[in-house]
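Please treat every number below as a calculation from the coordinates, not as lab data. Note that the structure is predicted; figures quoted are calculated from it, not measured. Please note: Cβ atoms are built from the backbone with ideal geometry, for glycine as well, and neighbour counts cover all protein chains shown.
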């Protein structure tokens, strides 16, 4: 089940809201969230809910063991146990096939390649429970003694399958004492519908264009057509992932949780370093706090530390060399920026930095899109005119003419137009009152538009669904 489905919008979510708000007892509300989270997670693949329960349970007890053995070796052993168990599960289900394939290729062996259906959201909840155990060990949070509350935190469906990666420290108070209110419910509904619109109206459309222009034999495509396809994927992945983050944050507000932001208009960045402070921020913060800084950060072996972090960043996204190369591509850019490039960019007009980042990001998305590296190379050759396929074609011209206003809107809303307009309106009482009256009709319009699009289309992918 995904958020952008009619089943979720008109059956699952309304039923969840009704049962949740029927009672004021916190324990029952928590039980409702747990029940619906288990239903959501097990939809289609119920067997993997046991893995979720196992991960939550072992780290619940790891937290208690650390508290009991705070001043002896037992606490360190509990952290080590958590890391081994969680990373082993992630490695078995996500990376075992990739590892065996590469061993076979390097050593000329014919070992059987494991094939597992990847449990939904395993990368997200694994990192969440690991961060909890480490933060308890560091004394940054108190261990949760109530198993039901801890399991609710781990299994909460609003952010389980797509993030953001929610650290227990950021929601510990709300797990125990949250208070829902009408303002947050209203704001959460609006935020959810904005995310849904980003996903259905923009990401799905861009994804269809990307598939149309990047599938097949790229060496027979024109340069402009391939550039258009890659740009459409760049738009798709931003609106797809940030749209789901918006929906997760909005659902969190409705239920009294306040998750940290996960995107901050990354395409307005002026460097790769700045881009990764704005893109999937919860993942970047995880690797910073639990890998980069413990390894020495900027103090020692900085470039080796950066290499490890960006290798892992790429690997986290998928068990394939294209994802690893994508991560290392950004790692290389950030190393070069640390060495000298940032100083050069700071002396140049801001537009130069923007153009550099956009080119770097788009080339990176080529690696991300194609798991077949030979197709990625064909794509880059055509993009830079090395394949001799010509520059322009009439099919692309027709596509641009028929979708001009959609394209303008899709590009424009990659920039912080909405928050600036909102701040302007809120600073003026008359406009703020008008906006209050318009809010409900606008929400209904977004819901109706997205419903119509979902009814009329079977194309509704979610790129991060199995990460």
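Place a point 7 Å from Cα of residue 299 in the direction of its Cβ. Which residues in the range 329-365 have their backbone N less than 12 Å from it? Once the point is set 7 Å along Cα→Cβ of residue 299, nothing inside the range 329-365 turns out to lie under 12 Å by backbone N.
Within the range 93-132, the proportion of C-alpha pairs whose separation exceeds 14 Å stands at 57%.
Let a ≥ b ≥ c be the square roots of the eigenvalues of the Cα gyration tensor of the range 6-178; is it rounded (a/c under 1.5), or, if not, prolate (a/b larger than b/c) or oblate?
Details: a/c = 2.89, a/b = 1.23, b/c = 2.34.
Oblate is the answer for the range 6-178, as a/c is 1.5 or above yet b/c matches or exceeds a/b.
Spacing of the modelled spin labels on residue 448 and residue 406, each 7 Å from Cα toward Cβ, amounts to 2.1 nm.
Taking 25 °C and 0.890 mPa s as conditions, the range 87-166 diffuses translationally at an estimated 166 µm²/s according to Stokes-Einstein applied to its Kirkwood radius (Cα pairs). Both the radius of gyration and Dmax for the range 330-406 are 16.4, 45 Å, in that order, over alpha-carbon atoms.
Show me the ranking of peptides 143-151, 447-455, 254-262, 292-300 by mean Cβ neighbours inside 10 Å, starting with the highest. Walk me through the intermediate numbers first.
Working: 143-151: 16.9, 447-455: 14.4, 254-262: 20.1, 292-300: 12.8.
Taking the mean over residues of other Cβ atoms within 10 Å, the ranking is 254-262, 143-151, 447-455, 292-300.
Each listed q (0.17, 0.18, 0.21, 0.25 Å⁻¹) maps to a log10 I(q)/I(0) for the range 272-371 from the Debye sum over equal C-alpha point scatterers, namely -0.79, -0.88, -1.15, -1.41.
Sorted by average packing, counted as other Cβ atoms within 10 angstrom per residue and highest first, what order do 419-428, 244-253 take? If you can, show how the numbers build up before the last one.
Details: 419-428: 11.4, 244-253: 25.1.
Ranking, from highest mean packing down: 244-253, 419-428.
Extension gain for residue 23-residue 421 works out to 139.5 nm (0.36 nm per residue, less the C-alpha to C-alpha distance). Per residue, the chain reaches -21000 deg cm²/dmol at 222 nm when only DSSP H runs of four or more residues are counted, each adding -39500 (n - 2.57). Placing pseudo-labels 7 Å out from each Cα toward the beta carbon at residue 288 and residue 457 gives an inter-label distance of 3.4 nm.
Compared with the direct C-alpha span, the chain from residue 147 to residue 84 gains 20.5 nm at full extension, assuming 0.36 nm per residue. Taking the alpha carbon gyration tensor of the range 38-111, multiplying each eigenvalue by 5 and rooting it gives semi-axes of 31, 22, 5 Å, largest first. Taken along its three principal axes, the alpha carbon spread of the range 197-342 comes to 47, 47, 30 Å, from the longest extent down to the shortest.
Sort the following peptides by mean Cβ neighbour count (other Cβ atoms within 10 Å, averaged over residues), highest first: 350-361, 320-331. Before the final figure, lay out each step's value.
On the way: 350-361: 15.7, 320-331: 20.2.
So the peptides 350-361, 320-331, ranked by packing, come out 320-331, 350-361.
How big, on average over all directions, is the shadow cast by the Cα convex hull of the range 233-318, in nm²? Working shown, then result.
On the way: hull surface 26.7 nm².
Taking the Cα atoms of the range 233-318, their convex hull projects to 6.7 nm² on average.
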